[in-house]
Ligand code: SF4
Ligand code: SF4
Ligand code: SF4
């Protein structure tokens, strides 16, 4: 057995797009592979090992019966990296939490619903300690390589904590608010190099909120363009419905007088209808 | 002999193979799906038409472009959004990028190790770097095409119902064209490699289902056809086949004319091979693929044949787009609301998104039929027949071969319990 760090990949409920992003890195990946031993990666290889130093965990937890497997991984790993927004935030299917589990099961399995298990969608950090989160749906491939390099060198990794607007403006992209879109860039964590706005779409908030979202600034931008914060919160449901910070932001937004949106009904945070 | 393979490797998602063989008789052989359901159909409800495709592509990381394409197609039909000729060409080109990237991943990275007696592609990094580089090159080139077209393969950013938030850069697209031309040589090299590999011998006659268009080999839209006879318009898929639950799976199974059918590359090549690009037909012949082929293991050859086809088709489509000149177009308006059915051929087979929208263009109902679900019943039948055929072999061999059979389907398990 070589003394290179042993790396393992695991996945829970997700689309596996983040693992796939790792697989598609190509040459830089081959380069990094020389410095580690990948000992478990079900999607890519048949070997399995219970001994590893770094565990990359993709996917969120949706069933209590998956928790023991997650905890076993934590016990064995020196470092746990949450790979992507499913693991770090809950992922796009957190918005299933808007509905009762029984309703979801019945829609999917009809009168056999009782035979199946489901539960609240949560990030892995709800169950275990996470050393480094890599945000993004999917992750940004270069950030993955950067994180891995930091871990291998034993250096702390600073998770980007500026808003997407920062990267967007740095690149000189046209602000999509001017096209009448509601962009989540003002409060969303950057690190994706504003890939969505680079192509003229809006930010959907896939990397979650920055640590201290500048609620006032966000509100100003929104008010300037005649949107209510309710609307932006509704959009945040796609990626971090239960994240405490979204909740805080929702409360902060609720304080000053509420502004009605133009047009259709605004999304209410936590609404089930 | 009791066979139990938990969490079959080199497939997407979690599934187990269970088989019990007594005195050469197979008493049970099933593929058990244990993946957690994510309930996309339920939670996409209430989302605005502009958000649905963004969410829907997250059903699957490998076939994100297919879900995204089926989703916008369904939304466009439901809301009466007419797309331009340029958009129609882009949609076909995107599906070619999808085929090449997904098939390359499967053939080179997930299946080839089995045929070389390896447990993964990793040892090849040292022993056969040229082939590994070739594999990465094919896959990355397709990925890069998706990036140029729509911002990213997993998950696309520029696609919206009705068109694109921005069009690709013409220079970048012209460069992609040249890189695709460069792949021709890699295809020739791969043909020679594949000729040396031996696939397990196994045949079982079954029903093959795919899309069909009158004038081209279709990955995007068309009628649904079966080798058992029968042709339905996409909107009427419910008249043809149905989904049902089985006890050993968190994913649904499907049937049409008989108790199981198969979708995917093998089904498409069997049904539509005459429409393949001549170069792909040539490769088909060289590799001994004579339709109709009833061996599931040949699905991997069919995937490669389609890779060759899609590379040629993509070059032709890029030429067409570049000759017309890429134009930024306005997104056409919503003109009605109601139900719309979007159909594409994902790499793993027929994929259906069936949506209903209300008057505010919010989704009220969604039904997504995934290729892998359609294959599960057929996989179980195959496992049973194949287990019987190899029942006298040592347990380790039986285990590996049944696993290989599962991989031949290229199942997308997390996708199937969406
Ligand atoms: S974060 Fe997004 S891309 Fe990554 S696994 Fe989850 S759904 Fe897929
Ligand atoms: S609001 Fe969106 S488009 Fe505008 S600058 Fe910020 S990230 Fe860019
Ligand atoms: S722009 Fe927003 S939605 Fe797009 S990748 Fe970045 S954080 Fe995610």
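Cβ-Cβ distance of residue B:336 and residue A:175, R₀ of 45 Å, FRET efficiency by 1/(1 + (r/R0)^6): the value works out to about 0.90. The order of B:20, B:260, going from fewest to most other C-beta atoms within 10 Å of their C-beta, is B:20, B:260. Among B:209, A:215, B:8, a tally of other beta-carbon atoms within 10 Å of each Cβ gives an order, fewest to most, of A:215, B:8, B:209.
Averaged over the residues of B:146-159, the number of partner chain Cβ atoms lying within 10 Å of the residue Cβ comes to 5. Each of the peptides B:93-101, B:283-291 was scored by the mean count of other Cβ atoms within 10 Å over its residues; in descending order, highest first, they stand as B:93-101, B:283-291. The stretch A:51-102 and the stretch B:345-418 have Cα centres spaced 24 Å apart. Between residue A:2 and residue B:25, the modelled labels are 5.2 nm apart [label points 7 Å from Cα along Cα→Cβ].
Please compute one quarter of the surface area of the Cα convex hull for the stretch A:6-153 and express it in square nanometres.
Values: hull surface 35.7 nm².
Projected over every direction and averaged, the Cα hull of the stretch A:6-153 covers 8.9 nm².
Rounded, prolate or oblate: which one fits the protein assembly as shown, using the alpha carbon gyration tensor with axes a ≥ b ≥ c (rounded when a/c is under 1.5, else prolate when a/b beats b/c, else oblate)? In terms of gyration-tensor shape, rounded.
In the distance distribution for the stretch B:1-140, Cα-Cα pairs more than 25 Å apart total 52 percent.
Specify the residue with the greatest mean-square fluctuation among B:160, B:26, B:344, computed from a Gaussian network of chain B linking alpha-carbon atoms under 10 Å apart. Highest fluctuation among the options: B:26.
Compared with the dominant Cα axis of chain B, that is its longest principal axis, helix B:64-78 is turned about 50°. Reported to the nearest whole Å, the Cα centre-to-centre distance from the stretch B:176-220 to the stretch B:286-341 is 12. What percent of all Cα-Cα pairs in the stretch B:373-418 falls into each 10 Å bin, going from 0 up to the bin containing the maximum distance? In order of increasing distance, the bins hold 26, 50, 21, 4 percent.
Between B:264, B:15, B:338, the Gaussian network model of chain B with springs among Cα atoms under 10 angstrom shows the greatest mean-square fluctuation at B:338. Once the Cα atoms are used to define both axes, helix B:129-150 deviates from the longest principal axis of chain B by about 30 degrees. Against chain B, whose longest principal axis is taken from its Cα atoms, helix B:371-389 shows a tilt of about 10°.
If one computes the Cα centroid of the stretch A:109-154 and of the stretch B:221-238, what distance in Å separates the two points? Computed from Cα coordinates, the inter-centre distance equals 39 Å. Within 10 Å of the Cβ of each residue in B:57-64, the mean number of Cβ atoms contributed by other protein chains is 6.
Hull volume per residue, based on the alpha-carbon atoms of the stretch B:58-217 and their convex hull, is 165 Å³.
With both bridge residues required to lie in the stretch A:6-153, what share of the DSSP beta bridges run antiparallel, to the nearest 5%? Present the calculation step by step, with values, prior to reporting the outcome.
On the way: 3 of 20 bridges.
Taking every DSSP beta bridge with both residues in the stretch A:6-153, the antiparallel ones total about 15 percent.
Counted over the stretch B:2-416 with a bin width of 20 Å, the fraction of Cα pairs per bin, in whole percents, is 28, 59, 13, 0.
Beta bridges from DSSP with both residues in the protein assembly as shown: antiparallel share about 70 percent, rounded to the nearest 5. Give me the Debye-computed log₁₀ of I(q)/I(0) at q = 0.16, 0.23 Å⁻¹ for the stretch A:23-106, equal point scatterers on Cα only, no solvent, two decimals. Taking Cα atoms of the stretch A:23-106 as identical point scatterers yields -0.79, -1.26.
Look at A:149, B:77 and count the other Cβ atoms within 10 Å of each Cβ; fewest to most, that gives A:149, B:77.
How many partner chain Cβ atoms sit within 10 Å of a residue's Cβ in peptide A:199-208, on average, as a whole number? Please report the intermediate quantities before stating the final value.
On the way: counts 14, 9, 12, 4, 1, 5, 0, 3, 0, 0.
Mean partner-chain Cβ count within 10 Å for A:199-208: 5.
Segment residue B:365..residue B:322, full-extension length gain: 11.6 nm, with 0.36 nm per residue of separation and the alpha-carbon distance subtracted.
No lab work stands behind these numbers, since they all come straight from the coordinates. Because the structure is predicted, anything quoted here is derived from the model rather than measured. Note: ideal-geometry Cβ built from the backbone for every residue, glycine included; neighbour counts use all protein chains shown.
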